[in-house]
Each structure stands twice: as C-alpha cells, then as structure tokens.
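Shown next, in structure tokens, is the structure this report addresses.
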Amino acid sequence: MQRPEQDAAWKALAAHRRAWSRLHLRALFAQDPARFQRYSLRLDDLLLDYSKNLISDETLRLLIQLAQACGVEQARAAMFQGEHLNCTEDRAVLHTALRAPADTKLSVDGQDVSADVQRVLARMSAFVEAVHSGRWRGYSDRPITDIVNIGIGGSDLGPAMVCQALAPYARPGLTAHFVSNVDPTHLSEVLARVDPQSTLFVVASKTFTTQETLANARAARDWLIQHARDEAAVARHFVAVSTHREAVTAFGIDPAQMFEFWDWVGGRYSLWSAIGLPIALYLGMERFRELLAGGHDMDRHFLTAPLERNMPVILALLGVWYIEFWDAHAHAVLPYDQRLARLPAYLQQLDMESNGKSVTRDGRRVRHGTGPILFGEPGTNGQHAFYQLIHQGTRLIPCDFLVAAQSHNPIADQHEILIANCLAQSEALMRGKTLAEARAELKAQGLSRAEIARLAPHRVFAGNRPSNTLLYRRLDPRTLGRIIALYEHKVFVQGVIWDINSFDQWGVELGKQLARVILPELKGQVAVGGHDASTVGLIEHCRALREAG
Ligand code: G6Q
C-alpha cells in the first residue's frame, strides 16, 4: 500500500496548512454566522460541535479525500464483515457484533457469531436475574450485596468507567467494586469494605493468565475460604469471564460458572461482551442492553453516514490534521460530568494502546505521527490545574469537551454553573485575548501606563486553540453507549489512515513478560543477573531495604 504521506491529499494538506498561519478562528466566526450550523452534527440529542476547529471547507474536502485515498470506507466494511484486520494476531475485530440486534446474521470463520453473542447474553441475563431476585445466595444463604470485579486493562477499565458513569441507574442494594492493581493495597481496601457472606467475585481475564488478576483472584479466594471455612463456598462466590475455559478450570472455577467471549473481541473493546457482566449486575440487564443499543446506534451512523457527515470520521480527521500538520502531540478529553471521571483513563487505553504504534501494517517504520498522548480530568477541576498550559503554553492541545444539558443531581444552579464553565472554556480557547484587550482591561482597573506595559503581555491569550464539544441531554446508558462507540470508531479510522494495526498491543505483552524475570530475583530465589547496572542496583537496594525490616 502507498504510504499516506505520499498521497496527493496529504501533500495538498501540507500546503493548505501554510495558508492557515494567516487565519484566526475569531475572524472566521465573525465572517460566517452559519459556521456552527455548517460544522456540527447530530445523532438524536447527541450534538457534536466541531466548528471551533482550525478548518475550512477546503480543509475538510482535503481530509475527506485523504480518508478515501487511505481506504477508510473499505476498511470499515471489512471490519463489520469480520475480516481479519488484526494482522499480527490473525483475528477478526468484531466488537460491533456484540451490540448488533439479535436478528443480525453474521458468521465468521464458519462460526455463527450472532448466535454465540445471543447465547451468552441469555446466560448473563439468567444469572443477573438469579442474583437480583436473591435466588443466587452466598455460603450462609445471604443474597449478594457486593460485586467485586477482578481484572485489569481491558478487563477492568470499561466496566469500571461505565459503572461509575451510570451509577444513577444502579439497582438498589448492590455495590460494584473494581480491583485491578497487583498492589495488595487495592484488594485489601476493597475486602475491608465487603462482607464475605454476600460478595460475588467476577474474575475477568480474556487469557486467564494475567499475573495481576490471578494473584488478586487467588488472594480473594483464600480470604473467602478463610471466612467460610469451607472450600465449597468458592462456587457460590466466584464466576469467571474469559475466552479460556481450560485456564478457568485450572484456577478452580467450574466452567459452568464461566461467561464466554471470543478472540475476535479485543480487550479494550470488550465491555460490550461478557466482560460487561459487572455492568449488567450493577445496573440490570435492561440497562446493559440500552448501552449496547447506544453502541449500535453509533455503528449504524458510522456505517451509513457519508464521510463528511460522519461523527467518528470527522473526529478522526481532525486528530490527523492536528497531529500531522500542526505538530500536536497531545489531546485532552475534558468531561464536564463528574460521573465521567474515569472516561479519560478509559480513552487513554482505547486510543494509546490502539494507535501507539510506529510500524505500518506490513512492518515498515511509519514516517508520520500516530496516536496522541491523551489525558484529561473532569471539569471544572482541570481549570484549576493544567488548563493554563492549554490556554497559554507553547503547545497546541486540541480538546474534547463533553457536557450534559441535564444533571442527575441538580442542586440550586450548580449544573448551569458547570455548563457555563464548559462553554466559556471552549470560547476562550478559540477567541483568545489580544494585547489591546489585555491593555484595555488593565486600564479599566486604573493601572498606570508603566504597570499596563509590564503586565499586559502576561495576560495575552493567542486563542485559535481548537476544541470539539459533545453535548447531550443527560448521561444515560444509551448516550454513553453512543459516546464510547464514537471514540472506538474514531480510533479505528485514524489507524486506517496511518496504516497501522490498531488491534494488537505488544507493549502490554512486553510488560507481562518482563516482571516474571525479576520476581524470583527480588525474592532471592535466583541470583540477580542479565540486567543493566541500574536494574541490578535497584533490585539489590530494594532487597537490602526489605531485609532490614
Ligand atoms: C487490551 C489489552 C490489555 C488486556 C489486559 C488484561 O486491549 O490487551 O489491556 O485487556 O492485559 O488481559 P486479560 O483480560 O487477558 O487478563
């Protein structure tokens, strides 16, 4: 395949970028009162306003041309049809099948994928019903009050983010907890808050070989047995979610209590599968299905909307525009929604694990940028912290603002204050403040000419800093499903344009291997060796500190 930077549209974009050095968004808004209408898209109540971006019709025309030249439409069709897009692991990429309606017909590699998905959903449904009705009970005949998900990465971040986001829809009497870190503090703190008699552990691991998850699961099992004084209690308190039946059995969980998913579901795309079991338990199956329906709404939009009216495509192209032609290295996700506090962490994995790559699909070194450093915090907290750099620093950091029109927890006018802050930030980033405006402000405060001259440069904001705003009625399961799928497809489109494999994660695998070598050395079971001097020094110092007590 031709490299993207060799495409005519890419070269035209580079030339077009130079023309942009004379343009300012403030002037473009002043010239064009219809800019918001032209550069915004809707999917029901979900509005994407992308008008505060450094774009014109010409920019978009060239970006769309680039998407077409890079085969975005063909790749999109290939993904939905189950082709093996994950070329290094030879796997299909079919998380979209998990949220497709029940009557969808889809077979992959001779297997009826739709039937498999519906079968597992039915099992999840029956299990959720058993827990909620109190038919499923703990070892001392108490109903379940606490769900503890033990998993990490893709087997943690999605369900944890969604459970927090949708807490207003939680079933009364059930609390969801998430243990991911191998740091024993994480598990200890959760175990201190739950009662073994009424706690259900969901051990979630696609491979069921992940060191952290298995260590936490073993410790949780020991804790349970210690309290129940009976190994048989494990069957009432442990279920597994995995693709790996043998490993689940070897761990000591009856495969009848395993909820299955498949290798065509990537870890970071798996919250829609049985990995979503804690979501279904916490919110109920109906709400989980609404989440799936929201994901499917976005799939349909992504599949059918023309590229220039296609939300994920537009978000992806804007990202490519800034990374490739504006030297942007980072991207901020700023939810003005306390319940979306974990969204940046979730999207960090989705984006940085998918597109943090530096070779093309056929193994050549890329000659362009790839995925950005993604970060964010809920508004308004970030305003009192890192926004300073976004407003006045030397780096261009495109931002996504997310905000709901209605709050689940209205108090006085606090939600309006929240929205006002969100809108004010994107406006300020776009408009900036000129030297003349800064001087006029200081003059109005009665400062001397000398003071004005000294202080004004510090109060100048260049503006012209791009942002998107996603505005929705309220954060409900369907809306959240749409937002998550929007970002999934954005990441996918970028991966296609950059010609990288967005669906493998060799960096994660490396981490899984490395610690295994050092662990026995740290424990003093084998001699320390084969490392650099720094690693040896750290191992030895740590051992000395531990031995000193
Ligand atoms: C996700 C990654 C990674 C994975 C974890 C947990 O796409 O592959 O984050 O989810 O390493 O893996 P297991 O689910 O196999 O325990």
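Summary of computed values
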{"item": "Using alpha-carbon coordinates, inclination of helix 57-69 to the longest axis of the chain, degrees", "result": "40"}
{"item": "Net dipole in debye of segment 116-270 [+1 Lys, Arg Cβ; -1 Asp, Glu Cβ; about Cα centre; nearest 20]", "result": "300"}
{"item": "Cleavage-rule hits (GluC sites (Glu not before Pro)) in segment 164-233: DSSP loop, at most 11 neighbouring Cβ within 10 angstrom", "result": "none"}
{"item": "Pairwise centroid distance, computed over Cα atoms, of segment 307-329 with segment 101-157, Å", "result": "36"}
{"item": "Cα centre as origin, Lys/Arg/Asp/Glu Cβ charges: segment 232-356 dipole, Debye", "result": "400"}
{"item": "Across Lys206/Lys490; Lys105/Lys357; Lys11/Lys512; Lys11/Lys52, pairs whose alpha-carbon gap is larger than 31 Å", "result": "Lys105/Lys357; Lys11/Lys512"}
{"item": "Cα-projected label distance for Cys87 with Leu538, points at 7 Å along beta-carbon direction, nm", "result": "3.4"}
{"item": "Difference of contour (0.36 nm per residue) and Cα-Cα distance, Arg474 to Ala428", "result": "14.1 nm"}
{"item": "Mean Cα-pair separation over length for segment 175-261, i.e. relative contact order, pairs under 8 Å, 6 or more apart, %", "result": "29"}
{"item": "Summed residue charge, Cβ within 10 Å of Arg3's Cβ, Lys/Arg positive, Asp/Glu negative", "result": "-1"}
{"item": "Shape category assigned to segment 446-539 from the gyration tensor of Cα positions, a/c cut at 1.5", "result": "oblate"}
{"item": "10 Å Cβ shell holding at most 15 others, DSSP loop, trypsin sites (Lys or Arg not before Pro): longest site-free stretch of the chain", "result": "230-363"}
{"item": "For segment 128-262: rounded, prolate or oblate by the Cα gyration tensor [a/c cutoff 1.5]", "result": "rounded"}
{"item": "Acute angle (nearest 10 degrees) that the helix 285-304 long axis makes with the longest principal axis of the chain, alpha-carbon atoms", "result": "40"}
{"item": "Cβ-defined net charge surrounding Asp90, 12 Å radius [Lys, Arg +1; Asp, Glu -1]", "result": "-4"}
{"item": "Dipole magnitude (debye, nearest 20) for the chain, charges at Cβ of Lys, Arg, Asp, Glu", "result": "1400"}
{"item": "The chain: antiparallel DSSP beta bridges as a percent of all, rounded to 5", "result": "30"}
{"item": "Accessible surface, per residue, of segment 318-433 when the full set of protein chains is kept, probe 1.4 Å, Å²", "result": "44"}
{"item": "1.4 Å probe accessible area per residue over segment 197-278, in Å²", "result": "34"}
{"item": "Acute angle (nearest 10 degrees) that the helix 533-547 long axis makes with the longest principal axis of the chain, alpha-carbon atoms", "result": "50"}
{"item": "Neighbourhood charge, 15 Å Cβ-Cβ cut-off, centred on Ala220 and excluding it, Lys, Arg +1 and Asp, Glu -1", "result": "-4"}
{"item": "Cβ-derived FRET efficiency at R0 25 Å, Ala12 paired with Ala385, nearest 0.05", "result": "0.05"}
{"item": "Antiparallel content of DSSP bridges confined to segment 103-213, in %, to 5", "result": "25"}
{"item": "Rounded percent of accessible protein surface that carbon and sulfur make up, the chain, 1.4 Å probe", "result": "53"}
{"item": "Inter-centroid distance (Cα atoms) of segment 219-250 relative to segment 381-424, Å", "result": "44"}
{"item": "Rounded, prolate or oblate (a/c below 1.5 giving rounded, otherwise prolate when a/b exceeds b/c) for segment 151-193 by Cα gyration tensor", "result": "oblate"}
{"item": "Dipole axis of the chain (+1 Lys, Arg; -1 Asp, Glu on Cβ), positive-most option in Pro312, Ala332, Leu480", "result": "Ala332"}
{"item": "Residue-normalised accessible area of segment 94-194, given per residue in Å² at a 1.4 Å probe", "result": "42"}
{"item": "Net length gained if the chain between Arg367 and Asp141 were fully extended (0.36 nm per residue, minus Cα distance)", "result": "75.2 nm"}
{"item": "Dipole-positive endmost among Asn409, Gly393, Asn381 within segment 340-418 (Cβ charges, Cα centre)", "result": "Gly393"}
{"item": "Length-normalised contact order of the chain in % [C-alpha pairs under 8 Å, at least 6 apart]", "result": "19"}
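The values are calculated or read from the model by the stated rules, or taken from the named source; none is laboratory data. These numbers were taken from a predicted model, which means no experiment stands behind them. Every residue, glycine as well, gets a Cβ built from its backbone with ideal geometry; the counts of neighbours run over all protein chains shown. Keep in mind that these areas ignore ligands, DNA and RNA; they rest on the heavy atoms of the full protein, side chains included. Shrake-Rupley method; radii C 1.70, N 1.55, O 1.52, S 1.80 Å.
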